[in-house]
1. Counting only residues that are under 23 Å from the mean Cα position of the chain (by Cα), give me the strands (runs of 3 or more DSSP E) lying completely in segment A:578-690 with at least 3 of them.
2. Conditions: (1) at pLDDT below 90; (2) of a type in the set (Ser, Thr, Tyr); (3) surrounded by 15 or more Cβ atoms within 10 Å (Cβ to Cβ); (4) more than 25 Å from A:Ile557 (Cα to Cα). B:Tyr42 meets all but one. Number of the miss?
3. Looking at A:Tyr528, A:Tyr493, A:Tyr474, can you tell me which residue is in contact with a His (Cβ under 6 Å, 6 or more places away or on another chain) and in contact (Cβ under 8 Å) with a residue 12 or more places away in the chain?
4. Quick check on this structure: which one of A:Phe377, A:Phe422 is surrounded by fewer than 16 Cβ atoms within 10 Å (Cβ to Cβ) and free of Cβ contacts under 8 Å to residues at least 40 places away in the same chain?
5. Identify, please: which residue in segment B:56-74 is away from every other protein chain (no Cβ under 14 Å) and part of a loop (DSSP other than H, G, I, E, B) and is, among those, nearest to B:Ile43 (Cα to Cα)?
6. Could you check segment A:618-643 and list, in sequence order, the residues that are of a type in the set (Ser, Thr, Tyr) and closer than 18 Å to A:Ala677 by Cα?
7. Among (1) touching a Phe, Trp or Tyr at 6+ places or on another chain (Cβ under 8 Å); (2) modelled with pLDDT of 95 or more; (3) more than 14 Å from chain B (Cβ to nearest Cβ), which single condition is A:Asp620 missing?
8. Given the options B:Thr132, B:Thr128, name the one that is outside any helix (DSSP H, G or I) and touching a strand residue (DSSP E or B) at 6+ places or on another chain (Cβ under 8 Å).
Amino acid sequence: MDANNIKHLLPPTMPLLSFLKRVLPICCLLLIYGIGNCLAANGQTSNPSSDLTIYSLEDLMEMEVISLAKTTQKLSDIPAAVFVITEEDIRRSGVTSIPEALRMVPGFQVAKIDSNTWAVTCRGFNDLFGEKLLILIDGRSIYSPLLSGTIWDEDVFLEDVERIEVIRGPGAALWGANAVNGIINIVTKNSRDTQGALVTGGAGNEEKGFGGVRAGSRFAENSFYRVYAKYFNRDNSVFSSGEDAADAWERWQAGFRLDWEKNDKDTLVFHGDVYTTDSGGTTQMPVMGPALSEVTDFKTDVRGWNVLALWNHKLSPTSDTTTQVFFNRSDRKEIYFDAVQETFDIDFQHHFALGRRNDFLWGLGYRLYQDKIDNSFRVSFDPDSRTDGLLSAFVQDRITLREDRWYLTLGSKFEHNDYTGFEIQPNARLLWKPREDISLWASISRAVRTPGRLDSDSRINFIVLPYASPPPDYNLISLFGNDDLESEELIAYEAGFRYQITPGLSLDITGFYNKYDNLITLDIGTPYPEISPAPVHLVTPLTIVDKMKGETYGVEIAASWNPADFWKLAAAYSYLQIHLHNDGSVPDALFNVEGFEGNSPHHQFSLQSRMDLLDNFELDLWLRYVDNLPNMGIPSYVTLDARLGWHISDNLELSLNGQNLFDHRHPEGTTYYNEPAEVERGFYGKLTWRFR
Amino acid sequence: MTKRILTYILAIFCLLLVSSPAPRSEAASSSSLTEEQVKAAYIYNFAKFVQWPETAFLSANEPLRICFVGSEDLFKAMESLSDKTIQGRPLKISKRSTLKTTPDCHILFISRHYQGEAWQELKKNIFTPVLTIADFDSFVSGGGIIELVREGSKIRFAVNIAAARQAGLNLSSKLLKLAIFVEE
């Protein structure tokens with residue numbers, strides 16, 4: 001990475017940037033001073049790292065036990081931008097959905113577009129489908145190959161979530177394609193930890209009614225299970241005019257999980273869910289008639305189910321294998337198209353220590369995906385049914401260069417997919433722990449986002465324009481997929497610094513520079529006449545092409561501080577800069593490529609305060625600032641969420657929650673498809689009862 | 001307005017960096033241990049807060065024997081402490097394949113895969129004077145002395161005083177105070 005390169009990319013006129021330029025060198029100096037300090041101290045200290053005797057009982061009782069997916073590692077030892085949202089974080093933030101919880105993660109942009117639609121992205125490229133993020137629920141991918149992204153049709157019972165592990169930046173070396181800008185793994189609790197019963201429910205003005213029940217029990221020694229059901233009903237959002245949007249959302253889900261520890265060596269896990277959702281929205285449909293378009297309210301129904309089985313087998317204390325199989329089906333009916341999608345996936349991985357220095361992980365996987373689409377005039381796929389296979393393998397070696405000091409991780413994923421063929425996604429990560437409480441890491445990785453059905457096989461009829469007489473009368477602007485696309489490619493350079501300053505104060509800083517190639521953009525083709533559907537009209541084709549390049553860079557900072565036993569503060573700040581340009585074969589001005597830069601906020605800030613008051617009250621506040629999105633016409637906003645919790649007894653908890661308190665309503669994002677809606681101020685109360 | 005807020009934030013972060021206290025050699029960094037390490041550290045702490053009867057040791061420098069039945073990973077985590085001393089005694093950490101060969105242990109950790117056997121042996125009262133520890137359900141109410149309990153992402157513990165008394169062990173009041181549950 002060339003520093004001068006970045007410098008000349010900076011727009012010169014921003015006052016904030018010039019301010020940053022002035023302050024950053026000072027910060028850097030201080031940072032170097034700090035690190036120097038640490039190094040100086042390093043010489044004097046004996047190696048305390050693996051010494052477990054320094055922890056008091058009180059320390060131990062407050063310690064979070066973390067096991068990050070694929071293999072277990074200490075959080076401070078992971079050479080990547082990791083962030084973990086705990087069960088307590090979820091409970092005390094008052095969030096009612098996973099996307100809302102992700103707002104805690106520094107650098108994550110979460111925009112609620114309407115009552116049932118979220119755009120969740122990281123490090124830029126804000127889009128309805130968050131196309132560069134990979135999202136997993138207990139290791140099961142919910143990324144849709146049809147839309148090349150994630151729609152939040154799938155959900156979990158929040159009370160079952162143990163933690164949400166988030167890695168910003170590429171995780172492709174382990175997780176494969178589409179883990180380009182980040183990975184989210186939602187981990188639910190072992191059913192051993194959800195024994196007894198739980199009943200929760202509440203209501204408010206935006207959360208019109210929600211509830212869930214869970215029951216857990218054991219059916220044999222070391223065999224536990226739980227079953228649950230949940231429901232919610234969310235109110236319509238409003239248009240900027242103040243009118244109600246037709247996007248209310250009602251959703252049912254039920255499921256089970258079974259954990260069976262057969263013996264010291266074998267563990268089996270089964271889970272499954274079934275859901276049905278009812279939502280809707282408002283869109284402008286193109287019409288080949290004098291009106292050219294009509295605004296229509298529509299309904300969306302989704303039904304789906306999934307099952308997953310996992311078998312972990314210990315070969316020895318330093319060697320184990322995991323085999324996982326899952327099946328996913330969803331049946332979506334909406335105004336744009338109906339789709340049935342099915343995914344079958346089998347994964348095997350083997351983890352073992354090779355000598356004292358090498359921790360080795362390798363795996364194989366195969367995924368079979370198929371869909372069947374019912375086309376409409378607005379959106380159609382050709383072919384309307386497709387079956388694709390994805391074969392993958394990965395290797396990773398974590399090398400201890402020097403015990404408790406230097407670690408090098410090398411790895412790569414190898415994949416073969418039906419769109420772009422063979423893809424290699426390697427990475428190299430170096431971790432240095434000058435002291436037990438400080439980690440510095442740096443990495444270089446390559447990741448790809450493979451095209452999906454929408455990019456490759458779709459046709460979207462966007463707008464009908466009048467055409468000068470004589471006939472044809474209409475000009476239909478249509479967007480065409482392209483089955484000749486390369487994968488979008490990312491080379492990412494990242495570095496991070498983690499410092500546990502005192503047991504109650506920690507700091508985590510990550511910087512990145514991403515270089516993208518073959519990004520998807522649009523080109524315009526030669527208009528041609530089309531007979532069907534009647535009347536005869538002209539088609540102006542816009543074609544998806546892989547001609548855009550881009551650079552993004554930014555900083556993400558997370559800090560947490562316990563000023564007192566009863567008080568915790570958590571702050572997050574992120575800065576992001578994006579530059580996009582076509583490769584020369586398509587003019588930038590054609591679709592205002594630079595405009596897309598303005599889809600993601602430059603600055604975001606979040607501050608959470610959690611207080612335990614008296615013996616059984618909790619007062620939690622959450623302030624967030626999101627910078628404006630000029631391309632979408634979204635002004636910057638500051639919001640406040642507040643929660644008052646009362647533990648009436650050991651089993652019973654009541655909370656009163658306020659969301660988006662600072663304004664009556666505000667917009668957070670838009671889509672190309674639906675009419676933009678705004679998020680309103682909300683209040684709800686919630687009661688949770690647990691008993692064994 | 002926003003620029004000013006950002007200025008403050010940056011200033012605070014810079015301050016944090018400068019004002020970071022003198023480096024400490026023993027940083028108890030939270031959120032950075034594996035489950036096994038946390039459990040091993042617990043066992044080490046328990047040992048400090050338990051008094052064994054004099055008959056439990058033949059001589060003043062006899063090692064404190066910590067035994068594991070099952071739980072290979074925990075045993076390994078514990079082994080990193082084998083050069084420590086507790087109450088002036090060196091530690092001897094060992095693995096046993098069955099509960100029947102454990103009467104010489106001072107601390108006995110039983111993995112959940114041996115719970116069937118544990119219920120039977122606990123009834124026979126053979127664990128004297130042994131501090132029994134386990135991480136499975138109902139261990140404490142079934143006559144074990146300390147149970148490690150998973151509460152969300154944290155590990156806590158419960159204590160059975162009656163069982164400790166019966167085994168001839170004296171638990172310190174600190175242990176009882178911190179336990180999430182004390183069976184009398």
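The values are calculated or read from the model by the stated rules, or taken from the named source; none is laboratory data. Computed from a predicted model, the values in this text were never measured in an experiment. Virtual Cβ from ideal backbone geometry, glycine too; neighbours counted across all protein chains shown.
1. Details: elements: A:603-613, A:617-626, A:637-647, A:652-659.
Strands (runs of 3 or more DSSP E) meeting the threshold: A:603-613, A:617-626, A:637-647.
2. In the conditions (1) at pLDDT below 90; (2) of a type in the set (Ser, Thr, Tyr); (3) surrounded by 15 or more Cβ atoms within 10 Å (Cβ to Cβ); (4) more than 25 Å from A:Ile557 (Cα to Cα), B:Tyr42 misses (1) alone.
3. Testing whether each residue is in contact with a His (Cβ under 6 Å, 6 or more places away or on another chain) and in contact (Cβ under 8 Å) with a residue 12 or more places away in the chain leaves just A:Tyr474.
4. Details: A:Phe377 fails: free of Cβ contacts under 8 Å to residues at least 40 places away in the same chain.
None of the others qualify; the one that does is A:Phe422.
5. Filtering segment B:56-74 for residues that are away from every other protein chain (no Cβ under 14 Å) and part of a loop (DSSP other than H, G, I, E, B), the one nearest to B:Ile43 (Cα to Cα) comes out as B:Pro63.
6. Once the filter is applied, which keeps residues that are of a type in the set (Ser, Thr, Tyr) and closer than 18 Å to A:Ala677 by Cα, segment A:618-643 yields A:Ser636, A:Tyr637, A:Thr639.
7. A:Asp620 satisfies every listed condition except (1).
8. B:Thr132
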